[in-house]
Amino acid sequence: MHIDDALRARKSIRAFRPDPIPLDLVNEILETASLAPSGTNVQPWKVHVVTGEARRRLVAEVLAHRETGPDDSGSEFPRLSKRKEPFLSRMRKLGKDMYSLLGIPKGDESANWRQWGRNYMFFDAPIGLIFSVDKDLGYMGFVDIGIYMQTLMLVAKSRGLDSCAQGAWNNYWTVTRRVLNIPEDEYIVCGMSLGYADETAPVNTLVSEREPLSSFAAFHGFE
Ligand SMILES: Cc1cc2nc3c(=O)[nH]c(=O)nc-3n(C[C@H](O)[C@H](O)[C@H](O)COP(=O)(O)O)c2cc1C
């Protein structure tokens, strides 16, 4: 697959078929993605791959905690604080488009809560990935994880697999840390669903927009 085709074909999938993925294929995708660059080649990505009983237990514990546990839903590191423009409008557009495809009316808090909860079921994907990074690496470690994740999503797409990156998984990190035995000196940065898209699900028809080049690039020194 040409790199441009993989880039255009990849999009976030939020409803998966339950079909299992052979372990060899998962290994191949994770290993190929490790060709991703990282600052001073530290290769800080740690990936917890969950399926079967381990996946079931993680999902059950996080969902139970979400319903009944203490309200410690924030991430361990600073995340979104004040929502400002132009980001706010882009977030709102995505939310509006997605919730309209899902048939959830604005203001329906309980339907919203349930739909957001599907993040913690990996949207029914057979494989869940949790990415963590050593806390000592600071912000650059997060950059490296992001590059690894996108490389992984493109490698997966080139092999017919779909994905959804999920910042939602840096919430409820206390539970994820305990269930997956993730050391205290690592941040749980993100999660990801991996599997085959359910082509019949309306939510998967969502196509997110991109801003024009002129809105984010500044050119200096060109004639
Ligand atoms: C770091 C990161 C975290 C994300 N977290 C979530 C998430 O928790 N839940 C979700 O449904 N989508 C999540 N997404 C998907 C974004 O909403 C999506 O990438 C964006 O709207 C662009 O759409 P596309 O991936 O279809 O191109 C995340 C994406 C990234 C890169």
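Overview of values
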read-out: Any hit, segment 63-84, residues being at pLDDT 95 or above, within 16 Å of the ligand (Cβ to nearest atom), within 25 Å of residue 154 (Cα to Cα) and surrounded by 12 or more Cβ atoms within 10 Å (Cβ to Cβ); value: no
read-out: Residue in segment 159-171 that is among the basic types (Lys, Arg) and without any contact (Cβ under 8 Å) to a residue 60 or more places away in the chain present; value: no
read-out: Number of positions in segment 119-138 that are among the small types (Gly, Ala, Ser) and over 16 Å from residue 171 (Cα atoms); value: 2
read-out: Residue in segment 1-21 that is nearest to residue 196 (Cα to Cα), counting only those that are charged (D, E, K, R) and loosely packed, with under 13 Cβ neighbours inside 10 Å; value: 19
read-out: Evaluation of residue 14 against (1) of a type outside the set (Val, Ile, Thr); (2) assigned to a helix (DSSP H, G or I); (3) within 22 Å of residue 122 (Cα to Cα) (one fails), failing number; value: (2)
read-out: Residue count, segment 130-152 (criterion: closer than 18 Å to residue 51 by Cβ, within 12 Å of the ligand (Cβ to nearest atom) and among the aliphatic types (A, V, I, L, M)); value: 1
read-out: Test result for residue 108, surrounded by fewer than 18 Cβ atoms within 10 Å (Cβ to Cβ), over 26 Å from residue 39 (Cα atoms) and touching a strand residue (DSSP E or B) at 6+ places or on another chain (Cβ under 6 Å); value: no
read-out: Meets criteria (within 16 Å of the ligand (Cβ to nearest atom) and not aromatic (Phe, Trp, Tyr)) for residue 9; value: yes
read-out: Flag for residue 54 being open to solvent by 30 Å² or more (accessible area, probe 1.4 Å), modelled with pLDDT of 95 or more, in contact with a helix residue (DSSP H, G or I) (Cβ under 7 Å, 6 or more places away or on another chain) and of a type in the set (Gly, Ala, Ser); value: no
read-out: Residue match in segment 176-188 (condition: touching an Asp or Glu at 6+ places or on another chain (Cβ under 9 Å), at pLDDT 95 or above and near the ligand (Cβ under 9 Å from one of its atoms)); value: no
read-out: Residue in segment 22-31 that is most open to solvent (accessible area, probe 1.4 Å), counting only those that are over 18 Å from the mean Cα position of the chain (by Cα) and touching a residue at least 12 places away in the same chain (Cβ under 8 Å); value: 28
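The values are calculated or read from the model by the stated rules, or taken from the named source; none is laboratory data. Source: prediction; values computed, not measured. Positions of Cβ are backbone-derived with ideal geometry, glycine not excepted, and every protein chain shown enters the neighbour counts. Just so you know, the surface numbers come from the protein's heavy atoms only, side chains and all, with ligands and any DNA or RNA stripped out. Shrake-Rupley method; radii C 1.70, N 1.55, O 1.52, S 1.80 Å.
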